[in-house]
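S.K.: Below are the structure tokens for one structure; questions will follow.
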Amino acid sequence: MTNDSTSNPADFVSLKVTETNPKFVGKGMALIDPNVVEELQFTTGDVIEISTSSGKKKTFALLWSGQPEDYGLRIIRIDGYTRNNLGIGIDDHVKVCKVQNIKKAEQVVVSPTEELNIVGIEEYLTGILEGRVVSRGDIIPLNIMGRKTGLIINSVMPSGTTAAYTIHKDTEFILSSSSSKAGTKSGIPRVSYEDIGGLRNEVQR
């Protein structure tokens, strides 16, 4: 893994992965132990790189305010979609750092994990994904007209060493043919209990 878009490797911190609050599911956000946020001088809204301990896989997320009860626990809360992009599970450890080099995505080519025969969906994607951080190879969830599917990020322009891109109001989306990826079943990305929302007590019982 290269660090062209991140801080110095010494700025990485190792955190334990746990589930997130249902209201953050599918939004590409991460919540980090507030003590770690203070130590590293992170700020809400920062783009962070999250990579596996081996460094073979990485993805990106927007940092959101951590929960007071997480203070000192050295944990990161990410949803099942983000964990799936990294190929990890709850209680695994990841490396986290702040991203320094972020570009605006001018053009994004995506493939739905199942066929989407919806006229004008490209313009719809620009509206609902504005402000989101994306990187090549990720699957991001999409709920359109009550139908849940996933979008695989095939490529992003302008190309270069930058791995993290933000979607803005002028980003052009190009829809490629439907595809599939490891970790999906029947075209729908693997999710966990907190992705469904409101089932935590039932699951515990």
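Every number in this text was worked out from the coordinates using simple rules, so none of it is lab data. Everything numeric here is computed off the predicted structure, so don't read it as measured data. Cβ sites come from the backbone with ideal geometry, for glycine too, and all protein chains shown count toward neighbours.
S.K.: Using each residue's phi in segment 127-132, evaluate 6.51 cos²θ - 1.76 cosθ + 1.60 at θ = phi - 60° and report the 3J(HN,Hα) Karplus result to the nearest Hz, with x for Gly and Pro.
M.R.: Per residue, the Karplus-derived 3J(HN,Hα) values read x, 7, 9, 4, x, 7 Hz.
S.K.: When Lys and Arg each count +1 and Asp and Glu each count -1, what net charge do the other residues less than 9 Å away from VAL99, Cβ to Cβ, add up to? Display every interim value, and only then the final one.
M.R.: Numbers: positive: LYS98; negative: ASP46, GLU49.
So the surrounding residues net to -1.
S.K.: Anything over 25 Å Cα to Cα? Flag those among LYS16/LYS169; LYS27/LYS169; LYS103/LYS148; LYS16/LYS103; LYS27/LYS58, in the order listed.
M.R.: Details: LYS16/LYS169 34 Å; LYS27/LYS169 17 Å; LYS103/LYS148 28 Å; LYS16/LYS103 28 Å; LYS27/LYS58 17 Å.
From LYS16/LYS169; LYS27/LYS169; LYS103/LYS148; LYS16/LYS103; LYS27/LYS58, over 25 Å: LYS16/LYS169; LYS103/LYS148; LYS16/LYS103.
S.K.: Considering only DSSP beta bridges whose two residues both sit in segment 9-98, what percent are antiparallel, to the nearest 5? Display every interim value, and only then the final one.
M.R.: Values: 16 of 22 bridges.
Rounded to the nearest five, the antiparallel share is 75 percent.
S.K.: Follow-up. Lys and Arg at +1, Asp and Glu at -1: add these up for the other residues within a Cβ distance under 12 Å of TYR71 and post the number. All intermediate terms of the calculation are to be shown ahead of the outcome.
M.R.: Numbers: positive: ARG74; negative: ASP33, GLU38, GLU39, GLU69, ASP70.
Charge balance in the 12 Å sphere: -4.
S.K.: Could you sort the peptides 70-79, 53-62 by per-residue average Cβ neighbour count (10 Å cutoff), highest mean leading? Intermediate values should be presented prior to the final figure.
M.R.: On the way: 70-79: 19.8, 53-62: 18.0.
Highest mean packing first, the order is 70-79, 53-62.
S.K.: Moving on. Around GLY66, which amide H atoms from residues at least 5 apart in sequence, or from another chain, sit under 5 Å from its own amide H, with H modelled in the peptide plane?
M.R.: So GLY66 has HN proximity to ILE32.
S.K.: Could you give me the ³J(HN,Hα) list for segment 51-67, computed from phi with Karplus coefficients 6.51, -1.76, 1.60 and θ = phi - 60°, whole Hz, x at Gly and Pro?
M.R.: For segment 51-67, the Karplus curve yields 10, 5, 4, 6, x, 7, 10, 8, 8, 9, 8, 8, 7, 10, 4, x, 8 Hz.
S.K.: Considering only the other residues whose Cβ falls under 9 Å of the Cβ of SER14, what net charge follows from Lys and Arg at +1 and Asp and Glu at -1? Numbers along the way, then the final one.
M.R.: Numbers: positive: LYS16, ARG74, LYS95; negative: none.
Value of the local net charge: +3.
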